[in-house]
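Read the structure below first, then the notes.
The values are calculated or read from the model by the stated rules, or taken from the named source; none is laboratory data. Remember, it's a predicted structure, so these values are computed and weren't measured experimentally. Note that each Cβ is placed from the backbone with ideal geometry, even for glycine, and that neighbours are counted across all protein chains shown. For the accessible areas, the whole protein counts, side chains as well, though only heavy atoms, and no ligand, DNA or RNA atoms are used. Shrake-Rupley method; radii C 1.70, N 1.55, O 1.52, S 1.80 Å.
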Amino acid sequence: MTYPILYSLQHCPYAMRARMALLMAQEDVLLRAISTKDKPKEMLLVSAKGTVPVLVLENGKFLDESLDIMLWALKKNDPHDLLKASDPSILINILALIDECDVGYRANLSAYKHAKRFHIDTENYLRSECEKYIQKLEALLENQSYFFGESLSLADLAILPFVRQFANADKKLFRDAPYENLSQWLSDFMASALFSKVMRKYPLWNENHEQFLFN
Ligand SMILES: N[C@@H](CCC(=O)N[C@@H](CS)C(=O)NCC(=O)O)C(=O)O
């Protein structure tokens, strides 16, 4: 029995979302934990850009974008209907919400975190830029439990690690802000069995070439 190989990093938000989708798709993979300071040559030979996650398929093809990994897994098997198969227009909206995260919000988030860390005076401005997206997510949860209804979708999983980063950047501000719905959504996730499985720590592949069945 062979499995796809996933190069992964415990706290990387992109690797986290890929791992969540692989679990939800019940797609077993062999996980190789890496450190960005000492990337395995086996991974760089496959994908020279050197980012994680990378998923190497049994046929030698590879995926080195987290969203592609999520879509690949869920298109194969989607027992929780994260792609909302009954209505293709929902998937278009799901992908649009993820795109807003991946393009505008994420850039603001990393600039905000940088400004906060180095006490740069753009910190408040950048936080308010992030909050435009955060407020949009909060509004989506006003009358439903998840971004696209009463059950999980690809959007919840893809966006989660980046809401978590925002909340962690200033826990007190996040707690005190009027984000009751988003805050509940986040804490429910973080208390879930899925999340603890996703965040499990593995020994580094580079140390003894030990890989682990991730399922
Ligand atoms: N667009 C990529 C981004 C992946 C990414 O940037 N991952 C970071 C770790 S969180 C990385 O590998 N950075 C390369 C490095 O730190 O050398 C994806 O969605 O998979």
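Considering only Cα-Cα distances, which of the following residue pairs are longer than 21 Å: LYS49/LYS136; LYS49/LYS76; LYS132/LYS172; LYS49/LYS197?
Listed pairs above 21 Å: LYS49/LYS136; LYS49/LYS76; LYS49/LYS197.
Which angle from 0 to 90°, rounded to the nearest 10, does the C-alpha axis of helix 66-76 make with the longest principal axis of the chain?
Relative to the chain, helix 66-76 is tipped by roughly 70 degrees.
Rounded to two decimals, what ratio of Rg to Rh does the chain give with C-alpha atoms and a Kirkwood Rh?
Radius of gyration relative to Kirkwood radius: 0.97.
From the backbone phi of region 169-175, what are the Karplus-calculated ³J(HN,Hα) couplings (6.51 cos²θ - 1.76 cosθ + 1.60, θ = phi - 60°) in whole Hz, Gly and Pro given as x?
In residue order, the calculated couplings are 4, 8, 4, 5, 4, 5, 4 Hz.
Quick one: what does P(r) look like for region 88-192 with 5 Å bins over all Cα pairs, in whole %?
Bins of 5 Å from zero give 2, 12, 24, 25, 19, 11, 5, 2, 0 percent of pairs.
Taking DSSP loops as anything outside H, G, I, E and B, show the longest stretch in the chain free of GluC sites (Glu not before Pro) there with at most 13 other beta carbons within 10 Å.
The segment 59-141 is the longest one with no such site.
Before I look further, what does region 143-215 give for accessible area per residue, probe 1.4 Å, in whole square angstrom?
51 Å²
Computing the accessible area with a 1.4 Å probe over protein heavy atoms, can you report the carbon and sulfur percentage for the chain?
Accessible surface attributable to carbon and sulfur in the chain totals 53 percent.
Within a Cβ distance under 12 Å of PRO13, other residues only, what is the Lys/Arg minus Asp/Glu net charge?
Net local charge, PRO13 excluded: +4.
For the chain, find the longest principal axis of its Cα atoms and tell me its angle to the long axis of helix 13-24, 0 to 90°, nearest 10.
70 degrees
Provide the gained length on full extension for the span LYS41 to LYS172, in nm with one decimal, where the gain is 0.36 nm per separating residue minus the Cα-Cα distance.
Length gained between LYS41 and LYS172: 43.0 nm.
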